[in-house]
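A.B. asks: Got a structure here, written out as structure tokens. Questions coming.
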Amino acid sequence: MAFHFPKPTPEQSTTTADAGLADSHHHERPRGLMRWVLTTSHKEIGSLYLIFSLTMFFIGGIFALVVRAELFQPGLQLVEPEFFNQMTTMHGLIMVFGAVMPAFVGLANWMVPLQIGAPDMALPRLNNFSFWLLPVAFTLLLSTLFMPGGAPNFGWTFYAPLSTTYAPPSTTFFILSLHLAGISSILGAINIIATILNLRAPGMRMMDMPLFVWTWLITAFLLIAVMPVLAGVITMMLMDINFGTSFFSAAGGGDPVLFQHLFWFFGHPEVYILILPAFGIVSAIIPTFARKRLFGYASMVYATASIAILSFLVWAHHMFVVGLPLVAELFFMYATMLIAVPTGVKVFNWITTLFRGSITFEPPMLFALAFVVLFTIGGFSGLMLAIAPADFQYHDTYFVVAHFHYVLVPGAVFAIMAAVYYWLPKWTGHYPHERLSQVHFWLSVIGVNLTFFPMHFSGLAGMPRRIPDYALQFADFNMVSSLGALLYGASQLVFVLVIVMCVRGGKKAPAKAWEGAEDLEWSVPSPAPLHTFETPPNFERPVH
Amino acid sequence: MRTLLVRVAAGLTLALISPLVLANGWNMPIGVTALSREIHSLHMTIFWICVAIGVVVFGVMFYSLFRYRRSKGAEAANFHEHTGVEVLWTAVPLLILVAMAVPATATLKNMYDVSDAEIDVMVTGQQWRWRYEYLGEDIAFTSNMSTPREQISGEAEKTENYLLEVDEPLVLPVDTKVRLLLTADDVIHSWWVPELAVKQDAIPGFVNENWVRIEEPGIYRGQCTELCGMDHGFMPVVVEALEKDEYEAWLAERKEAAEQEAMGVDREWELAELMERGEQVYGSICASCHQADGSGSPPAFPALAGNTDMLDDVEWHIDTIINGVSGSAMPAFRSTLNPVEIAAVATYERNAWGNDAGDTVQPSEIVELLEE
């Protein structure tokens, strides 16, 4: 075993009872800002990730509101098309790489060690480094807004040659910032894998791990597999822009379609990176509040693994209209349709868990249930998009925008919120304010559906994505979407209020904050002291 | 009582949703080709399959949420894992998918069959217009959005086909298989007309194929669907389908006009004539970047009004129009514009908005330059 646990001395075992003082006899800890800059505690780094993610969620949200404000009615009112394109691009990049991914990494930092009975992440200093890369990366990315020629304006998918030959000068900064974010993700993933494989409590087999741990393990492997592909493709862009190569420039004998193959070979696993940990969270919350064991633990693990494997075989379904040969279209259509099977298994499992349970509706459960319903709606439109002939009509319209926002907002983001409500008592020692949490939930559900449901209709009726102005027949749908977006955006202020109130005080939570909860994190006090599981706990398999 | 309530609610929802979904403007258009009808029917089939699965899944879910509330005294059962159920809920979706894949495969094969086309049209995407070339007919023209900028900025009332109207639509005959060959000069564009169910990327360095056989005369409108830069939203596609004899008449007329224009190359043009023609060309080709008043939007799109580089060096000016500026957004208009149009637009730029070069650029000079 490569990891060294200090043997508890008699002195230590007395101080662990009062855990806040557990490290009082270690060297003095830095205070103030340096405490956060130098921290190697998985809990503090987890909090940093979550606060960073929340900040990015608001910045990306403001960009989205600029987009929705311009689209409130036909005509150009607020912004020029150039700036509109910068807003859609930055919104996508910030939300995917700055908000959702760091939120999941933050949750993993906090909860994976607690759920497997480990004292910390396996590589604590690396952990610190992978977090602090992110503020650098995103400051760099946001600074492009103030550069001559403006920020990246070619969409978050940055298709060449629009993103190379025709791109603004700031694109080189964008590439550097994505490299940094990518390195951060790879290091984070290595750390999570090392932690899960090496630091599980004695007696905990792989098939005993909570599903959040399982889904994160698989996600981490996906990250390690595809982030280098992203790094490769942006490096090729860098060469095309600055060093005269022609990877993606037809004029120099290059191939613009190659860009899309490489991008989506990264991009499709990436979208599962954004959703698999969400499956893990929901699989923890639903059994807790249904007070009933998850119906099929093993089949959930296998379904997650199948989805991960299939994710490498479906990338070209984003490219049905680029002129692929017929056999390629058929292969990618069949493979994509196949993903519906393991995804269905997951949904059926959650619902069968609810069946004949003893159900209560605490805030985490509300978000988890909304996740199941609304993610499934996103899954349905995904199934429709998989039908290649029909995709010729759907592709690059608002129908696609509706689809991926359903899986990402009431999907991934709702799962993150569910997780925050679920684990806040563990992090702060207080329950979140119940009534305000409910207000946040209902405003979010109404806002999200008002925003994204009409997009199905405008897309089917023929509205393309990424346009700053639109034909008159789409006006009503867009007005509803914009109002919904404003409601959804504003209701997130309630979320911040709930979190701030919960950190400062509120109803005290016991170690086991939810009576139906079973995993190891509920065996340590609330709030979790800085050092937990300094001696590995004895893991006992729950008896059913 | 509770189940009755659920049923009433479900019935009401369905009653509310179905007319909305089926009404025009909320759903994919059925379109005017055999393929578009096939695609529409695939779309509706998969939609109703999703609705059916949704009713069952959400039905069980909401039933459980109402029936097994702890506040109503529900005690949790303790069952988990059941091989039979798990095999069933893996196998049944698989069968549904296979059933769906069969017609989808047939339609896709049909879409890929571009053989036996009677007319070939080359479609070229450029920032931010379409160029149509009728192969073998010597007819080529560009198609620009014709919605006035005043409507976009809100200074004028928006009209019915706001953003979906062009100066010259692609004209095609009905009941004729037309093969479309798509490519692009600069970035990737995508040519889409919903009622024809044709969407195909136009990619620089590639020639993609698609085809259409329109069954009803009419005007069909669509847009570019691949983000292609600043004016991506202002790049409509309009197809006008004519009866076969009307199409033949249109074709003859276009050919004659092209011949007229070609003859104009040899003669000397007056300044006023060139200015008039040049203003048209400028308005449809150049104004989207360099602005109608020549003010441009620096640094990406330089101003032309008062541009001394341009006014002092007529050769450089013409060369820029013909060959573009590599590494910038300025495309080469060598093949997009004919010699008369190049001469006219150059003359216009040299003498409009207070520019006072006073010279004319003659079409014959351009012909010489192009031959070099």
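The values are calculated or read from the model by the stated rules, or taken from the named source; none is laboratory data. Nothing here was measured: the structure is a model prediction, and the numbers come from that model. Neighbour counts run over all protein chains shown; Cβ positions are idealised from the backbone, glycine included.
Residues are listed down the side, and each one gets a yes or a no for (1) assigned to a strand (DSSP E or B); (2) closer than 17 Å to A:His395 by Cα; (3) within 11 Å of chain A (Cβ to nearest Cβ):
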site: B:Ala140; (1), (2), (3): yes, no, no
site: B:Glu160; (1), (2), (3): no, no, yes
site: B:Leu164; (1), (2), (3): no, no, yes
site: B:Leu172; (1), (2), (3): yes, no, no
site: B:Thr176; (1), (2), (3): no, no, no
site: B:Thr183; (1), (2), (3): yes, no, yes
site: B:Val187; (1), (2), (3): no, no, yes
site: B:Ser190; (1), (2), (3): yes, yes, yes
site: B:Phe206; (1), (2), (3): no, no, yes
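A.B. asks: Please state which one of B:Ala197, B:Ala156 is touching a helix residue (DSSP H, G or I) at 6+ places or on another chain (Cβ under 6 Å) and at positive phi.
C.D. replies: B:Ala197
A.B. asks: Does B:Trp269 fit the bill of being farther than 30 Å from B:Ala117 by Cα, aromatic (Phe, Trp, Tyr) and either more than 11 Å from chain A (Cβ to nearest Cβ) or out of contact with any Leu (no Cβ under 7 Å at 6 or more places or on another chain) (or both)?
C.D. replies: The answer is yes for B:Trp269.
A.B. asks: On to the next question. Report the residue count in the range A:164-176 for those that are in contact with a Gly (Cβ under 8 Å, 6 or more places away or on another chain) and either within 12 Å of another protein chain (Cβ to nearest Cβ) or farther than 18 Å from A:Pro81 by Cα (or both).
C.D. replies: Number satisfying all stated conditions: 4.
A.B. asks: Let me ask something additional. In this structure, does B:Ala272 turn out to be out of contact with any helix residue (DSSP H, G or I) (no Cβ under 9 Å at 6 or more places or on another chain) and of a type in the set (Gly, Ala, Ser)?
C.D. replies: Yes.
A.B. asks: Let me ask something else about it. Give the residue that is surrounded by the most Cβ atoms within 10 Å (Cβ to Cβ), with candidates limited to residues of the range B:298-356 that are assigned to a loop (DSSP other than H, G, I, E, B) and among the hydroxyl-bearing types (Ser, Thr, Tyr).
C.D. replies: Here the answer is B:Thr336.
A.B. asks: Right, another one. Sort out which residues of the range A:441-497 are over 30 Å from B:Met145 (Cα atoms), out of contact with any Ser or Thr (no Cβ under 7 Å at 6 or more places or on another chain) and surrounded by 21 or more Cβ atoms within 10 Å (Cβ to Cβ), and write them in order of number.
C.D. replies: Across the range A:441-497, the qualifying residues are A:Phe441, A:Val448, A:Phe495.
A.B. asks: Now for a different question. Go through the range A:164-186 and give me each residue that's outside any loop (DSSP other than H, G, I, E, B) and not small (Gly, Ala, Ser).
C.D. replies: A:Thr171, A:Thr172, A:Phe173, A:Phe174, A:Ile175, A:Leu176, A:Leu178, A:His179, A:Leu180, A:Ile183, A:Ile186, listed by residue number.
A.B. asks: Out of A:Thr171, A:Thr219, A:Thr195, A:Thr164, report the one residue that is crowded, with 21+ Cβ neighbours inside 10 Å and within 15 Å of A:Met101 (Cβ to Cβ).
C.D. replies: Testing whether each residue is crowded, with 21+ Cβ neighbours inside 10 Å and within 15 Å of A:Met101 (Cβ to Cβ) leaves just A:Thr219.
A.B. asks: Quick check on my filter: what residues within the range B:317-350 are at pLDDT 90 or above and either of a type in the set (S, T, N, Q) or over 26 Å from B:Trp130 (Cβ atoms) (or both)?
C.D. replies: Of everything in the range B:317-350, those that are at pLDDT 90 or above and either of a type in the set (S, T, N, Q) or over 26 Å from B:Trp130 (Cβ atoms) (or both) turn out to be B:His317, B:Thr320, B:Thr347, B:Arg350.
A.B. asks: Please work out which one of (1) closer than 26 Å to B:Asp113 by Cβ; (2) more than 14 Å from chain A (Cβ to nearest Cβ); (3) out of contact with any Lys or Arg (no Cβ under 6 Å at 6 or more places or on another chain) is the condition B:Arg213 fails and give its number.
C.D. replies: Of (1) closer than 26 Å to B:Asp113 by Cβ; (2) more than 14 Å from chain A (Cβ to nearest Cβ); (3) out of contact with any Lys or Arg (no Cβ under 6 Å at 6 or more places or on another chain), only one is false for B:Arg213: (3).
A.B. asks: Now a separate question. What are the residues in the range B:41-60 that are out of contact with any Phe, Trp or Tyr (no Cβ under 9 Å at 6 or more places or on another chain), at the interface with another protein chain (Cβ under 8 Å from one of its Cβ atoms) and not aliphatic (A, V, I, L, M), if any?
C.D. replies: Once the filter is applied, which keeps residues that are out of contact with any Phe, Trp or Tyr (no Cβ under 9 Å at 6 or more places or on another chain), at the interface with another protein chain (Cβ under 8 Å from one of its Cβ atoms) and not aliphatic (A, V, I, L, M), the range B:41-60 yields only B:Phe58.
A.B. asks: Out of the residues in the range B:148-158 meeting the condition of being assigned to a loop (DSSP other than H, G, I, E, B) and facing chain A (nearest Cβ under 8 Å), tell me which one is modelled with the highest pLDDT.
C.D. replies: Within the range B:148-158, the match that is modelled with the highest pLDDT is B:Lys158.
To keep it simple, each residue is scored yes or no on (1) in contact (Cβ under 8 Å) with a residue 60 or more places away in the chain; (2) of a type in the set (A, V, I, L, M); (3) closer than 21 Å to A:Leu324 by Cβ.
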{"residue": "B:Lys158", "(1), (2), (3)": "no, no, no"}
{"residue": "B:Val171", "(1), (2), (3)": "yes, yes, no"}
{"residue": "B:Leu181", "(1), (2), (3)": "yes, yes, yes"}
{"residue": "B:Asp186", "(1), (2), (3)": "yes, no, no"}
{"residue": "B:Ala202", "(1), (2), (3)": "yes, yes, yes"}
{"residue": "B:Gly218", "(1), (2), (3)": "yes, no, no"}
{"residue": "B:Asp231", "(1), (2), (3)": "yes, no, no"}
{"residue": "B:Ala257", "(1), (2), (3)": "no, yes, no"}
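A.B. asks: Oh, and also: From (1) in contact with a helix residue (DSSP H, G or I) (Cβ under 8 Å, 6 or more places away or on another chain); (2) modelled with pLDDT of 85 or more; (3) in a loop (DSSP other than H, G, I, E, B), pick out the condition that doesn't hold for B:Val265.
C.D. replies: The one condition B:Val265 does not meet is (2).
To keep it simple, each residue is scored yes or no on (1) modelled with pLDDT of 95 or more; (2) under 18 Å from the mean Cα position of the chain (by Cα).
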| site | (1), (2) |
| --- | --- |
| B:Thr105 | yes, no |
| B:Asn144 | no, yes |
| B:Val171 | yes, yes |
| B:Asp175 | yes, no |
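A.B. asks: Looking only at the range B:315-340, count every residue that is within 25 Å of the chain's Cα centre (by Cα) and among the charged types (D, E, K, R) and tell me the total.
C.D. replies: Selection size over the range B:315-340: 1.
A.B. asks: Separate question: Here is a check on your reading of the model: is A:Ala412 within 19 Å of A:Val96 (Cβ to Cβ) and out of contact with any Ser or Thr (no Cβ under 6 Å at 6 or more places or on another chain)?
C.D. replies: For A:Ala412, the condition - within 19 Å of A:Val96 (Cβ to Cβ) and out of contact with any Ser or Thr (no Cβ under 6 Å at 6 or more places or on another chain) - is met.
A.B. asks: In the range A:288-315, how many are in a loop (DSSP other than H, G, I, E, B), within 11 Å of chain B (Cβ to nearest Cβ) and within 30 Å of A:Leu230 (Cα to Cα)?
C.D. replies: Within the range A:288-315, residues that are in a loop (DSSP other than H, G, I, E, B), within 11 Å of chain B (Cβ to nearest Cβ) and within 30 Å of A:Leu230 (Cα to Cα) number 0.
A.B. asks: I'm told B:Leu227 meets every condition in (1) within 14 Å of chain A (Cβ to nearest Cβ); (2) in contact (Cβ under 8 Å) with a residue 24 or more places away in the chain; (3) within 30 Å of A:Leu71 (Cβ to Cβ) except one. Can you identify the failing condition by its number?
C.D. replies: Checking B:Leu227 against (1) within 14 Å of chain A (Cβ to nearest Cβ); (2) in contact (Cβ under 8 Å) with a residue 24 or more places away in the chain; (3) within 30 Å of A:Leu71 (Cβ to Cβ), the one that fails is (2).
Results for (1) part of a loop (DSSP other than H, G, I, E, B); (2) under 23 Å from the mean Cα position of the chain (by Cα), shown as yes or no for each residue.
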| residue | (1), (2) |
| --- | --- |
| A:Val112 | no, yes |
| A:Ala118 | yes, no |
| A:Met121 | yes, yes |
| A:Leu162 | yes, no |
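A.B. asks: Yes or no: B:Ile219 more than 7 Å from every other protein chain (Cβ to nearest Cβ) and surrounded by fewer than 16 Cβ atoms within 10 Å (Cβ to Cβ)?
C.D. replies: Considered against the rule, which asks whether it is more than 7 Å from every other protein chain (Cβ to nearest Cβ) and surrounded by fewer than 16 Cβ atoms within 10 Å (Cβ to Cβ), B:Ile219 comes out as yes.
A.B. asks: Output yes when any residue across the range B:67-80 is more than 7 Å from chain A (Cβ to nearest Cβ), assigned to a helix (DSSP H, G or I), of a type in the set (D, E, K, R) and more than 33 Å from the chain's Cα centre (by Cα), and no when none is.
C.D. replies: yes
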